[in-house]
Amino acid sequence: MVNNNKKTKILLIEDDVFLSNIYSKKFESEGFEMLIALDGEKGLKLALSKEPALILLDLLLPGLNGFEVLKALKKDEMAKKIPVILLTNLSQKEDIEKGLALEADDYLIKTHFMPSEIVEKVKKFLGKTR
């Protein structure tokens, strides 16, 4: 899947630099090209300009929060086709329901998954959506 010359682009919108580096290194070691945004506004701009294959989106972000980014993505004709997986520590039922109601493709709670498990979920997801 990812072993052709053109690497699959994943956009990670995550304000925690430490976590961004961990996820980035893990995905790159698996052959993905990573785009990183540390705030919602930059993430939205990257999503619209770079057309990633998938977006991993945190909800608690400076500036535009993840819900606002998700709403904006789903309003854009091109971007609404990009799968979005919410990757957050917000684990309240209301947050999960809101994220899924805004058409997120999945909702993962960071503390429940190791980075390698996130990579495997993304691989399976991309395999299903192609």
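Table for the structure above
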| read-out | value |
| --- | --- |
| Out of Leu64, Leu35, sole residue that is under 20 Å from Val17 (Cβ atoms), modelled with pLDDT of 95 or more, in contact with a strand residue (DSSP E or B) (Cβ under 7 Å, 6 or more places away or on another chain) and not in a helix (DSSP H, G or I) | Leu35 |
| Where Leu90 falls short, out of the listed (1) among the hydrophobic types (A, V, I, L, M, F, W, C); (2) assigned to a helix (DSSP H, G or I); (3) at pLDDT below 95 | (2) |
| Residue check for Asn89: free of Cβ contacts under 8 Å to residues at least 12 places away in the same chain and either under 13 Å from the mean Cα position of the chain (by Cα) or open to solvent by 60 Å² or more (accessible area, probe 1.4 Å) (or both) | no |
| Checklist (1) surrounded by fewer than 16 Cβ atoms within 10 Å (Cβ to Cβ); (2) out of contact with any Gly (no Cβ under 9 Å at 6 or more places or on another chain) applied to Pro83, failing item | (1) |
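Residue by residue, here is whether (1) out of contact with any Asp or Glu (no Cβ under 6 Å at 6 or more places or on another chain); (2) exposed (fewer than 15 other Cβ atoms within 10 Å of the Cβ); (3) among the charged types (D, E, K, R); (4) under 18 Å from Phe125 (Cα atoms) holds:
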{"site": "Glu14", "(1), (2), (3), (4)": "no, no, yes, no"}
{"site": "Val17", "(1), (2), (3), (4)": "yes, yes, no, no"}
{"site": "Phe27", "(1), (2), (3), (4)": "yes, no, no, yes"}
{"site": "Ala53", "(1), (2), (3), (4)": "yes, no, no, yes"}
{"site": "Leu64", "(1), (2), (3), (4)": "no, no, no, no"}
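The values are calculated or read from the model by the stated rules, or taken from the named source; none is laboratory data. Bear in mind that the values here come from a model prediction, so they are computed numbers and not experimental data. Reconstructed Cβ throughout: ideal geometry from the backbone, glycine too, with neighbour counts over all protein chains shown. Please note that ligands, DNA and RNA were not included when accessible areas were found on the heavy atoms of the full protein model with its side chains. Shrake-Rupley method; radii C 1.70, N 1.55, O 1.52, S 1.80 Å.
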